[in-house]
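See structure below.
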Amino acid sequence: MSKVNCKNCGSVFDGTLSYCPYCGTMNKRGAYAEFRMKVSSLIDSMFGLKDNVEQSVSRIILSSFLRALVFIAVIIGLAFVFSRTAQVNYYNDPEYDRKAYEEIVWMEENIDRLNEAYERGDYKTVEKLYYEQPDAVRNWSCYYSYTLKYAYQKIEATDRFDVYVFQNMLHFIFMPEYFTGYNGMSRVDRDEYAGMRDALLAELEAKGYSLSEVEEIYDRCSDSYGYVDSGMLKEYIKEG
C-alpha cells in the first residue's frame, strides 16, 4: 500500500498503518486492511482447529475400531480353541469309541438283513432291527424311505376309518416330514412318495372327500407347524 496524507495534520505516512503516527487520527484504509488480515488469520486458525479435531476424532474412532477387532479376534480364537478341545475330548471318550465300534460291527452283521427286509416290504423286521441298534439304523441309506413306506403300509393295512387314521393320512399327504423328520424328505424318492400320496387321495375321494375339501380340512385342523389336531377332525369323519 502507498503512502497516505493524514486528513488531520497533513503528515505523510505508511498507508498500512491504522492510525497516523503523528496525531493519532484513524486511517480507514489501513484499519480496514488490518481488520481483514485479523479475520483471515482467525478463519485460518478455526480451520486448523477443525482439522485437528477431525484428526483426533478419526484417531479415536480408528483406535476403538481396532480394539473391537482385536476383542472379536480373541473371542473367536478362544471359541475355536474351546470347540477343538471339546471335539478332541468327545472323540477321545472311550465310551463313545466303544459305542461307535459296536454300531459298525452290528451294521456289518445286519446290513444284508436290513436291505432284504426293506426290498420285500417286511418293515416289521426292519423295525425290530431298529430297536436293536437305533443309531446304526438311522445312518442306513434307506432309513428315511423305510419310515415313510412303513407309515403308508400301516395306513393301508387298517380296515377302519377313524380320527387316528384320518390324521395320519392328512399328515402323509400334506406333511410327510411328520414321519421322516424335516431332514428326511430330501433323501426320499419323490416319485415313490407321489405315488403313495395319490393313492391316499384316491381312497379319500372314494369315501366322499374332494381334494379341495381335504385341503380345507387340513387348513382348519392343523396348527402353525403343520401338525393336525385329532380332536378337531371328529366332525369331518364320513361314514362308509
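Within the range 188-219, the residues that satisfy the criterion of being closer than 18 Å to Y144 by Cβ, of a type outside the set (V, I, T), buried (at least 16 other Cβ atoms within 10 Å of the Cβ) and touching a residue at least 40 places away in the same chain (Cβ under 8 Å) are Y193, M196. Does M185 satisfy the criteria of being aliphatic (A, V, I, L, M) and touching a residue at least 40 places away in the same chain (Cβ under 8 Å)? Yes; evaluated as a whole, the condition is true for this residue. Of all the numbered requirements in (1) in contact (Cβ under 8 Å) with a residue 24 or more places away in the chain; (2) within 17 Å of F179 (Cα to Cα), Q133 misses one, and that requirement is (2).
Since every read-out is calculated from the coordinates, none of them should be taken as a lab result. Quick caveat, the model's predicted, so the values are computed rather than measured. Glycine gets a Cβ as well: all are built from the backbone with ideal geometry, and neighbour counts include every protein chain shown.
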